[in-house]
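Novice: So that we are looking at the same thing, I have put the structure below in structure tokens.
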Amino acid sequence: MALDMRVDAEHALLDGVYDRLFPLLRSITGEGIEASLRIMAEHMPLEIFGVASGTQVFDWEVPPQWNCRAGVLTGPEGEVVCDMAVSNLQVVNYSEGIDIELPLEDLQRHLHSLSHLPDAVPYVTSYYNRTWGFCLSHAQRQGLKPGTYRARIDADFSAGRVPLAHTFLEGDSEREILLSSYLCHPSLANNELSGPLVLLGLYNRIKAWPRRRHRFRFVLNPETIGSLCYLHLHGDHLRDKLDAGLVLTCLGGPGSLTYKSSRRESAPSDRLAQHWQARGEPLRLRPFTPTSGSDERQFCSPGFNLPVGQFARCAYGEYEGYHNSLDTKAFMTIEALVKSIDEIEAYLKELDTSGPWRNLAPYGEPQLGRRGLYPNINSAATWAASSDDVFDGRVILERILTVLNYSDGDHDLIAIADKAGCAVRDLLPVVNRLEEGGLLEVKT
Amino acid sequence: MALDMRVDAEHALLDGVYDRLFPLLRSITGEGIEASLRIMAEHMPLEIFGVASGTQVFDWEVPPQWNCRAGVLTGPEGEVVCDMAVSNLQVVNYSEGIDIELPLEDLQRHLHSLSHLPDAVPYVTSYYNRTWGFCLSHAQRQGLKPGTYRARIDADFSAGRVPLAHTFLEGDSEREILLSSYLCHPSLANNELSGPLVLLGLYNRIKAWPRRRHRFRFVLNPETIGSLCYLHLHGDHLRDKLDAGLVLTCLGGPGSLTYKSSRRESAPSDRLAQHWQARGEPLRLRPFTPTSGSDERQFCSPGFNLPVGQFARCAYGEYEGYHNSLDTKAFMTIEALVKSIDEIEAYLKELDTSGPWRNLAPYGEPQLGRRGLYPNINSAATWAASSDDVFDGRVILERILTVLNYSDGDHDLIAIADKAGCAVRDLLPVVNRLEEGGLLEVKT
Amino acid sequence: MALDMRVDAEHALLDGVYDRLFPLLRSITGEGIEASLRIMAEHMPLEIFGVASGTQVFDWEVPPQWNCRAGVLTGPEGEVVCDMAVSNLQVVNYSEGIDIELPLEDLQRHLHSLSHLPDAVPYVTSYYNRTWGFCLSHAQRQGLKPGTYRARIDADFSAGRVPLAHTFLEGDSEREILLSSYLCHPSLANNELSGPLVLLGLYNRIKAWPRRRHRFRFVLNPETIGSLCYLHLHGDHLRDKLDAGLVLTCLGGPGSLTYKSSRRESAPSDRLAQHWQARGEPLRLRPFTPTSGSDERQFCSPGFNLPVGQFARCAYGEYEGYHNSLDTKAFMTIEALVKSIDEIEAYLKELDTSGPWRNLAPYGEPQLGRRGLYPNINSAATWAASSDDVFDGRVILERILTVLNYSDGDHDLIAIADKAGCAVRDLLPVVNRLEEGGLLEVKT
């Protein structure tokens, strides 16, 4: 069957891209993230660009590029303790170059392990505070013998750039929906290859829609400094054009989809999530907070206050493998990615058509019969939301009258669905038919 | 006693007018509704006018006038099956002229009955879709013998008008309160002779008020197309002048008075109904909906969005006799009409005086003593809301201070009554005295 | 210890001033209130001024000055029944001069006592309605023998003034916080020497603050007519500059501190009180009402609608001694005054710094590390709210990010504390450090 073939192809694509991306040593700059973006660009037409080291970006200065070629820690008897070639988590991300011998007691403050997870290697970064270090399991660390160690990291900093990438799917309008994720983490699966892979899946899905009412903007960057750089270049445009934005992160674990509200708390995407939760859809709401999260913290800073929420499943801090070597495909599954793609696509379909709409015959009720819009059993196929719907002319008529009455430019389709006591998706065929019949248009 | 005489006279008037109106074959146009309006005009000074057939009214075209002189269906042996002269429900309203013989099996699609109410004759209309038909009880229909039937309807369509009627009671201000009902239904009692009769009763009551702060507008029309035509002629004026409007329908059955909110949900009349319900008055609130109801659907269309609610007792769809021959005086009683008139009159008294008011000495508290407005036992009669009130100077003083403090032009008397923890009617004598004392005026 | 010495000095000051003020015969005009203001002015730099008798003040005319030199009621056998020299409550405040002999039965309507409190002498005034009278205990009144009494009140009215007094503590801004109390009551302790004494205590406390962000305005006047006169002179200025105001009354009895909301119900001081109550601080909220209270009724009249609330402990009407001779130091304690001063000072510290603030690096998150603002264990002392706080870097960082994100000029510190789930006082060191670091400024 065609559908199964499409599903299989999507699964295979995600699996293949994952396997190529996972081993690379990524950071917020440098060859690892550049190569990763090029791999993504093989599957979606990404434009890759960047902001040069040293550029002032709001309150920040873009850091130099980190070039790390090797990192090995050897013990008193020459045994290899850590080796970046074995796992790129074993070197502190953004370590400076070093080649030094030192006793174990002096080495300890350069070692990082997790006492509560003795078999996991932690993920540690130090982007803006120059230092060096190695990460290892607590079990291994406990077994280190006294003596002289050699720490050798072949790394330097050079003028470079923070790389950024984006692409677009055009729609009927210049109004935009943003989808954004980040690709700066090294060998970590759920946090964060899941977000970029779901972004890729959504790109392919939305590209196949027969119609898009919004322009869709797909963005990949390194976290925090990347979204700051992106806002530096495109923030004014987004402030002008953005109807909704979604940061994608941690979308490959177990549990139901969750939505973190934008700072506005009542942006259309926030209200759609409230609508889903209120109707018992498998979506859990989280309030906005500026204290933890991902790039929505930058998009929702008070100077921008963009309507950007965030989707996650099992998010940062909620699973054992968060920011350590347990975050692999054993935890993050391709099946969960596909489920996330399914759910977010359905969500975006509703968001894209949510209006607000404007009734073009607002004085009294329009005469539906004359226009062939009075629902009857012969028109079931065009009015029903899906082939599974039981067609009920009375119910359809109530939805028509409710959409017409409240399409005053102030109520969007989410507000109208709440008035009508149905799902937004139940109103989509109504809106489409009324638009074809010349009775509705999107408020501009 | 004078009061009893007045009550008896009102009851007799309503009863007499009902008995003259009930038998007439009314529709949205034609002699039946024209004659009915003339009967109403004998008892209140209605101006009768209309909008001509063919006129474009918003999204609609005014239909031709229906002239129906007779309608008889006879059976195979010449027996009379249906006869409009026996009951004017027996011909589908707006049937085209026909004189045809046809076998029972072909006739069936022109017959209308109610299987769940086998003894009732349904009320069926087809204003905008040309057809013809007869209505009969399901019991009778079941007994029809095979054979050839003769269907004869002596009807035609001609250039005419949708008739409209209105009258006014002037008040202190140009601001208006609208009372509207519809007179297009043939021999049906609760729905809809009750609304026009309550309108007549309210006209007489309000005419007797010593003072009206609003101009009262009383409107009778045929449902839907009539209110559209009325808005075509007077909609701009209403948008400019209307403080409140009430559609009157189904007011003669059992059960307590109910109020359907206007689309605004917080218009003064909506908030007064909320206030009544919150205080345990016998009034049940219904939310606004554009999907079922009467002419408020047109008044509350998004282009007008007028502050028009609706009063009913046992409403459309809530009683067995709705839109069939069981809707007679056996269900609708004159006593219930009088009760509706009593309750709506009390409601209108509060609405008429609800302001918002403006304190003319808003800097500090005014000195009440100097103005003779400090309540004391000697002034009980003028301050107490009714002769039944126990006069309590402290309570009156609290009401005075509350009215003065919140009469800032933003809080109307309904909001102030909620602040004061009393009924709006408890504040009416306070407002009247403070107005006389030069401390309050209606915000214009 | 220094703190104990300061506490002892404050207690002694309040006690001493109380003992000098209590015996004086005060009224809304005249030597008693003038002398009382001069005593207060020995301890805080009050400017004393006034509004002349006969001046039109809004809806009022300033009354003449009342000069009462003696008041004695003697019985049939020459025995002294009432004597103002024994208790100044024994003459009706603002009695006209009289020297008359009259039988007991005619005297009765000039006598005032409390049947439900047979041992208390009531406090009675008649400022605007010329009359005379004596007040005595109900027990004494019951024992009066029939016969001829001599009522002699040596009083007259002369052109004078309603006296007013104020002083200021300057702050960083022209925006003001008003503290107001009234000094017109004669020998009554809780109502009302407690308010002026708490005002004095707060003056000394706030004077000692290292920094004031607002200008503090301290006002003493006679109740009602005094605040009307004060508004007559300074109302326009207050309307322009006032951020918050607090009337101080009945602050020396038992029970917890209570706050009566301003008419706005959502002024910063109202929301701070809601915040305190929600967090379980010992503060009970009372809604605004124009029907009972003190000078906030004038400040909150609709023409001014100033953001003025009121602090009290056991307030008017809530204690047996209200407006009678039982209101003495036996009920009102200096300890309770000090407790009121402590609590209100803490409240004012939060109010003074509540902003709203404006983030000066609002585009993205500011880079805290570069500025030395990233909290770490070494900076515990400067970040923690008090020396008792357990320093937790993660908690401090969350508060920093929350303050920065919501300091958009719309959210004040009270709203932000609610978002952060902490007390306003927990955010004060955060705000101070971020201001020093150049990241925040008060919105002007």
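The values are calculated or read from the model by the stated rules, or taken from the named source; none is laboratory data. Since the model is a prediction, treat every value here as computed from it, not as a measurement. Cβ placement follows ideal geometry from the backbone for every residue including glycine, while neighbour counts extend to all protein chains displayed. Quick note on the areas: whole protein, heavy atoms, side chains included, nothing else; ligands and nucleic acids left out. Shrake-Rupley method; radii C 1.70, N 1.55, O 1.52, S 1.80 Å.
Novice: To the nearest 20 debye, what charge dipole does the protein assembly as shown have about its Cα centre, counting +1 at the Cβ of each Lys and Arg and -1 at the Cβ of each Asp and Glu?
Specialist: 700 debye
Novice: Still on this model: For a quick check, take a GNM of chain B with Cα springs below 10 Å and name the residue from B:412, B:19, B:426 with the largest mean-square fluctuation.
Specialist: B:19
Novice: Also, I was wondering about something else. Given springs between every Cα pair under 10 Å in a Gaussian network model of chain A, which of A:249, A:224, A:131 has the largest fluctuation?
Specialist: A:131
Novice: So, one more: What does the average come to when, for each residue of peptide C:363-374, you count the partner chain Cβ atoms lying within 10 Å of its Cβ?
Specialist: Average neighbour count from other chains, rounded to a whole number: 6.
Novice: Can you pull the semi-axes for segment A:145-272, root of five times each eigenvalue of the Cα gyration tensor, sorted largest first, whole Å?
Specialist: Semi-axes from the Cα gyration tensor: 34, 19, 15 Å.
Novice: Which value, in Å³ per residue, describes the convex hull spanned by the Cα atoms of segment B:211-293?
Specialist: Looking at segment B:211-293, the number lands at 138 Å³ per residue.
Novice: As an exercise, find the ratio Rg/Rh for the protein assembly as shown from alpha-carbon atoms, using the Kirkwood inverse-distance average for Rh.
Specialist: Result for the protein assembly as shown is an Rg/Rh of 1.07.
Novice: How big is D, in µm² s⁻¹, for segment B:1-148 by Stokes-Einstein at 10 °C and 1.306 mPa s if Rh is the Kirkwood radius over C-alpha pairs?
Specialist: Rounded, D is 88 µm²/s.
Novice: For residue C:260, list the aspartates and glutamates whose Cα falls under 13 Å from its own Cα; do not include residues on the same chain fewer than 8 positions away.
Specialist: Result set, ordered by chain and number: C:270, C:295, C:296.
Novice: Right, here's the next one. Among C:440, A:292, C:55, whose Cα lies farthest out toward the positive end of the dipole of the protein assembly as shown, if unit charges sit on the beta carbon of Lys, Arg (+1) and Asp, Glu (-1)?
Specialist: C:55
Novice: Once you list every other residue whose beta carbon is under 9 Å from the beta carbon of residue C:155, what net charge do they have if Lys and Arg are +1 and Asp and Glu are -1?
Specialist: Value of the local net charge: -2.
Novice: Then there's this: Radius of gyration and Dmax for chain B's Cα atoms, expressed in Å?
Specialist: Just the Cα atoms of chain B yield Rg and Dmax of 25.4, 93 Å.
Novice: Where the only charges are on Cβ atoms (+1 Lys, Arg; -1 Asp, Glu), what is the dipole of chain A about its Cα centre, to the nearest 20 debye?
Specialist: 780 debye
Novice: Also: Among the residues of segment A:393-418, which ones have their accessible area go down by 40 Å² or more when all the protein chains sit together, as opposed to their chain alone (1.4 Å probe)?
Specialist: Going by heavy-atom accessible area, the residues of segment A:393-418 that drop by at least 40 Å² are A:401, A:405, A:406.
Novice: Here's a follow-up. On average, how much accessible surface per residue is there in the protein assembly as shown, in Å², for a 1.4 Å probe, leaving out ligands, DNA and RNA?
Specialist: 38 Å²
Novice: Relative to the Cα centre, what is the charge dipole magnitude of segment B:183-275, using +1 at the beta carbon of each Lys and Arg, -1 at the beta carbon of each Asp and Glu, and rounding to the nearest 20 debye?
Specialist: 500 debye
Novice: When the helices in chain A are scored as -39500 (n - 2.57) per DSSP H run of 4 or longer and the sum is shared across all residues, what 222 nm value do you end up with, to the nearest 500 deg cm²/dmol?
Specialist: Estimated from H runs of four or more residues: -10000 deg cm²/dmol.
Novice: Follow-up question, since we're still on this one. Compute the signed sum of charges (Lys and Arg +1, Asp and Glu -1) over the other residues within less than 12 Å, Cβ to Cβ, of residue C:64.
Specialist: Net of charged neighbours comes to -1.
Novice: Right, something else. Can you tell me which of A:325, A:269, A:301 moves the most in a GNM of chain A? Springs connect C-alpha atoms under 10 Å apart.
Specialist: A:301
Novice: Sticking with this structure for a sec: Which net charge results when you count Lys and Arg as +1 and Asp and Glu as -1 among the other residues whose beta-carbon is under 13 Å from that of residue A:38?
Specialist: It works out to a net charge of -2.
Novice: Among A:403, A:5, A:92, whose Cα projects farthest towards the positive end of the dipole of chain A, with charges put on the beta-carbon of Lys, Arg (+1) and Asp, Glu (-1)?
Specialist: The residue sitting farthest along the positive end of the dipole is A:403.
Novice: Computing the accessible area with a 1.4 Å probe over protein heavy atoms, can you report the carbon and sulfur percentage for the protein assembly as shown?
Specialist: C and S fraction of accessible area: 50 percent.
Novice: Now for a different question. Round to a whole angstrom and tell me the spacing of the C-alpha centers of segment B:273-325 and segment C:416-444.
Specialist: 51 Å
Novice: Checking a compactness column here: for segment C:1-88, what do you get for Rg(Cα) / (2.2 N^0.38 Å), N being the number of residues?
Specialist: Taking the Cα Rg and dividing by 2.2 N^0.38 Å, one obtains 1.56.
Novice: Using Cα positions and a limit of under 23 Å, work out the lysines in reach of residue C:329, with same-chain residues fewer than 8 apart set aside.
Specialist: Hits, sequence-local ones excluded: C:339.
Novice: Sticking with this structure for a sec: In the structure shown, do any of A:241/A:349; B:241/B:419; B:241/B:443; A:207/A:443 have a Cα-Cα gap over 22 Å, and if so which?
Specialist: The pairs that break the limit, which is 22 Å between Cα atoms, are B:241/B:419; A:207/A:443.
Novice: Could you point to the residue in C:65, C:82, C:17 farthest towards the positive end of segment C:4-86's charge dipole, with +1 and -1 charges on the Cβ of Lys/Arg and Asp/Glu respectively?
Specialist: C:65
Novice: Over segment B:216-359, with a single point scatterer placed on each C-alpha, what log10 of the ratio I(q)/I(0) does the Debye formula yield at q = 0.13, 0.16, 0.18 1/Å?
Specialist: Once normalised to I(0) and log-transformed, intensities are -0.59, -0.90, -1.12.
Novice: Over chain B, what is the relative contact order in whole percent, taking alpha-carbon pairs under 8 Å and six or more residues apart?
Specialist: Result for chain B is 15 percent.
Novice: In Å², rounded to the nearest 100, what is the total accessible surface buried by chains B and C against each other with a 1.4 Å probe?
Specialist: Summing both chains' loss of accessible area gives about 1700 Å².
Novice: List, in order, the whole-Hz ³J(HN,Hα) value for each residue of segment C:59-74 obtained from phi through the Karplus relation with A = 6.51, B = -1.76, C = 1.60 and θ = phi - 60°; use x for Gly and Pro.
Specialist: Using θ = phi - 60°, the values come out as 8, 10, 10, 4, x, x, 6, 9, 10, 10, 9, 7, x, 9, 10, 10 Hz.
Novice: List, in order, the whole-Hz ³J(HN,Hα) value for each residue of segment C:169-177 obtained from phi through the Karplus relation with A = 6.51, B = -1.76, C = 1.60 and θ = phi - 60°; use x for Gly and Pro.
Specialist: Rounded to whole hertz, the list is 10, 6, x, 5, 10, 7, 5, 10, 10.
Novice: Residues with amide H under 5 Å of residue B:285's amide H, sequence separation 5 or more or different chain, H placed in the peptide plane at 1.01 Å from N; which?
Specialist: Here the answer is B:259, since their amide H atoms fall under 5 Å of that of residue B:285.
Novice: Further, regarding this structure: Students often check this: by mean Cβ neighbours within 10 Å, which of C:40-52, C:87-99 ranks highest, and how do the rest follow?
Specialist: Ranked by mean Cβ neighbours within 10 Å, highest first: C:87-99, C:40-52.
Novice: For residue B:421, go 7 angstrom from Cα along the Cα-to-Cβ vector, then report the distances to that same point in the other copies in nm, smallest first.
Specialist: Result for residue B:421, in nm, nearest copy first: 3.7, 3.7.
Novice: Kirkwood Rh over Cα pairs of segment C:140-188 into Stokes-Einstein at 10 °C, 1.306 mPa s: D in µm²/s?
Specialist: 92 µm²/s
Novice: Amide H neighbours of residue B:301 under 5 Å, counting only residues 5+ apart in sequence or on other chains, H built in-plane at 1.01 Å?
Specialist: Correct list: A:364, B:306.
Novice: Exposed loop trypsin sites (Lys or Arg not before Pro) only (DSSP loop, at most 15 other Cβ atoms within 10 Å): please give the longest stretch of chain C free of them, not including the sites.
Specialist: Within chain C, the longest run free of exposed trypsin sites (Lys or Arg not before Pro) spans C:1-129.
Novice: Let me ask something else. Could you grab the relative contact order for segment C:248-317? Cα pairs under 8 Å, six or more apart, rounded to a whole percent.
Specialist: 52 percent
Novice: Mind listing the phi-derived Karplus ³J(HN,Hα) values for segment A:23-40, rounded to whole Hz, using 6.51, -1.76 and 1.60 with θ = phi - 60°, and x for any glycine or proline?
Specialist: Each residue's phi maps through the Karplus curve to give x, 6, 7, 9, 8, 6, 9, x, 4, x, 6, 4, 5, 4, 5, 5, 4, 4 Hz.
Novice: Can you list residues from other chains, or at least 5 along the same chain, whose modelled amide H is less than 5 Å from the amide H of residue C:178?
Specialist: Result for residue C:178 returns C:217, C:244, C:245, C:246.
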